Amino acid sequence: MIAFSCAMAQTGSGIAIIPQHLSADSVAKIAARIRPSERQAAWQELEFTVFFHFGINTFADLEWGKKDVKAGLFNPTELDARQWIRTAKEAGAKLAVLVAKHHDGFCNWPSKYTDYSVKNTAWRDGKGDLVKEVSEACKEYGLKFGVYVSPWDIHSIYYGSEQYNTYFENLLTEVLTQYGEVDEVWFDGACGEGPNGKKQVYDWIAYYNLVRKLQPKAVIAVMGPDVRWVGTESGYGRETEWSVVPLSLSSPENIAAGSQQDAGNGVFLPPGDMMKEDLGSRDKIKDASHLVWYPSEVDVSIRPGWFYHEHDDSLVKSPDKLVDIYFSSVGRNSVLLLNLPPDKRGLIHENDVKSLREMRAILDSAFNSNLATHAVIIPANGNPKSNPLNMIDNKAGTYWTGKKGSRHASFIVELRQAASFNCLGISEYFRNGQRVESFVAEVPEGKSWKVIASGTTIGYKRLLRFPSVFSKLVRIRITASRDNPEISEIGLYSLPERLVPGDR
Ligand code: FUL
Ligand code: CA
C-alpha cells in the first residue's frame, strides 16, 4: 500500500515507478495518468516538421561521407535558405530541423573548433554560415528551428578518445548559443568508426544536460529522452501507437532513470527495441518497473536517400504517396519529420516542390471542411458537466469526457444533413494522458448500426479512412479505455476515393 501510494504520487508527471504485483488494470490506470512535459506537448502539436540534409555529402554524392573529402568541394551556387523554408511553410510544416553536422564531420557553420567547415570553402567567400541563414529564415517565416548534430564523426582526429566528447560539447554549445531559440535537437545513435578506425564512447548524459541548460524548451529526439524514433524510415507508423512505454530494465537505462530524478530535468537513455509492432499495450507494460511518456516521431525522406543525388530526381515521392504517409504518421499519433534534401545549387529541387504543393492541396481540400462542425452531438455515459460540443469547436484545449472512472463512452453525431464521407479524425486531450484502447465508428443500418471503421489507440490524433458512406448519423463508441475517455476533437471528411486504401 505504501508502495502504491508512492507510485500514485509519481503519476501526473512524465514518469511513473510501477510497484510490483499490481493488477494489469491498475498498471494501465497509472499509465493513463502519465503526461507529456510542456516541451513534448508543444512538439506534438506541431504535427508536421521537415528535415534538411545538406552539407559536404551533397557535393560528394555520398550518404555517410568519407574521411578524405576536401572541404573545398562544398560550393552551392544559388543557395537560398528562404526558398527552403518557404517551401516547408507552404507544405504546412511548423518546424525545420537542419543537419548542422552529419557523420562526415563537416560543419555547416564556421566553428572555431575545426577547419572542416564552411569557412574553408568558396561559398560566400568563406564567410557563410548556413545554420544562421536557415535559423533566420525560420524566424522570418514563423517556423520553429531544430538542429541535427551527429555524434558519429568520421573526420575528427579526436574521435575515439575522451577529447572527442569535449570537442562535441564545444560544437553543440556553438550551435545552441549562436542562433536563437532551438526547439528540437536530433541525435542519431550511430556510432561508427572515426578516421583512425576507433569508435567513441559517447557521454550522452553530459550532452543531454548541456541541451537542457542551453535550450530548455528543446526536445531531444531519437537518441534522447523526449522523442522516440518510431523504428522505421518508411514513413509508416504503428496502428497501435502508445505514447507511454516502459523504460526497460537493463542497466544503462536504470542508471539514466536515476539521473533523471537526480537532475530533475528529464534526462534518461531511450529504451532498447523500437521496432516491435506494439510498445505500450497492457501486455507490454504489465511487468515494467518504470513507465515514461515517450512519443513517436516518423522520419522519412521525400527521396530514396537522405542527401540529394541527381539520379534520384525522377524518384521523388508522389503527392499521393506523401498523403498516404501523412495519414500513416500524423494520423497514427506521431509527428512527421519529412526530409527535403536541397540540391547542389542549394535549392529544393523543382520536382520536390511540385510534389509537396500537390500534397498540400489534397490535404487542404480534405481537411478544410469538417462535416461535423455544425452537428448536434448526443452523448451516452458522458460526464454530465462536460459539453460534447467541445469536440467540434476546433480547439485542442477543450474536450468532452466520459463519466468519471468509466472505461467506455459513446456519442452520436447528427449532421445538419446527410453527407458523404470517407475519413474520421479523432483526438484525445493528450495533455491529460493517453487512455483510449479501442473504438469504432458506425452508421445506421436498418434498426441497428453498422461498423464503418475501427481503431485501437487515438492519442494526439487518429485518422481512419474507409470506403465512402452517405449518412446523417454517425455513432462513435469508445469500447475500451484505461480511464474515462477525454475527446478533444472529432472530424468527418471527404477524400478523393483513390486515397482510401482498399483492404482495410
Ligand atoms: C540515420 C543516418 O545514418 C542517416 O544518414 C540520416 O541522417 C537519418 C535521419 O538517420 O540514422
Ligand atoms: Ca475541442
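The values are calculated or read from the model by the stated rules, or taken from the named source; none is laboratory data. Predicted model, so just to flag it, every value in this text is computed and none were measured. Cβ placement follows ideal geometry from the backbone for every residue including glycine, while neighbour counts extend to all protein chains displayed.
Kindly indicate whether residue 292 is modelled with pLDDT of 95 or more, under 19 Å from the mean Cα position of the chain (by Cα) and either within 30 Å of residue 135 (Cβ to Cβ) or not charged (D, E, K, R) (or both).
no
Listed conditions (1) touching a Phe, Trp or Tyr at 6+ places or on another chain (Cβ under 6 Å); (2) within 16 Å of ligand 2 (Cβ to nearest atom); (3) in a strand (DSSP E or B); (4) not hydroxyl-bearing (Ser, Thr, Tyr) are all met by residue 442, apart from (2). Applying the criterion of at least 1 residues that are away from ligand 1 (no atom under 16 Å from the Cβ) and either of a type outside the set (Val, Ile, Thr) or more than 30 Å from residue 36 (Cβ to Cβ) (or both) to the strands (runs of 3 or more DSSP E) found wholly in segment 289-381 leaves 290-293, 376-380.
Could you check how many residues of segment 76-108 are part of a loop (DSSP other than H, G, I, E, B) and in contact with a Gly (Cβ under 9 Å, 6 or more places away or on another chain)?
12
For residue 186, the conditions (1) surrounded by fewer than 16 Cβ atoms within 10 Å (Cβ to Cβ); (2) under 18 Å from residue 37 (Cβ atoms) all hold with the exception of (1). Against the definition (part of a loop (DSSP other than H, G, I, E, B), of a type outside the set (Ser, Thr, Tyr), more than 16 Å from ligand 2 (Cβ to nearest atom) and surrounded by fewer than 21 Cβ atoms within 10 Å (Cβ to Cβ)), how does residue 502 come out, yes or no? Against the criterion (part of a loop (DSSP other than H, G, I, E, B), of a type outside the set (Ser, Thr, Tyr), more than 16 Å from ligand 2 (Cβ to nearest atom) and surrounded by fewer than 21 Cβ atoms within 10 Å (Cβ to Cβ)), residue 502 qualifies. No other residue among 197, 146, 160, 180 is within 16 Å of ligand 1 (Cβ to nearest atom) and outside any helix (DSSP H, G or I) apart from 146. Scanning segment 65-88 for residues that are modelled with pLDDT of 95 or more and surrounded by 18 or more Cβ atoms within 10 Å (Cβ to Cβ) returns 69, 71, 74, 76, 79, 81, 84, 85, 87, 88. For segment 382-424, taking the residues that are charged (D, E, K, R) and assigned to a loop (DSSP other than H, G, I, E, B), the one that is nearest to ligand 1 (Cβ to nearest atom) is identified as 395. Filtering segment 89-101 to residues that are closer than 16 Å to residue 129 by Cα and either surrounded by fewer than 24 Cβ atoms within 10 Å (Cβ to Cβ) or in contact with a helix residue (DSSP H, G or I) (Cβ under 6 Å, 6 or more places away or on another chain) (or both) leaves 98, 100. Inside segment 33-77, residues that are in contact with a Lys or Arg (Cβ under 6 Å, 6 or more places away or on another chain) and closer than 21 Å to residue 291 by Cα make up a count of 2.
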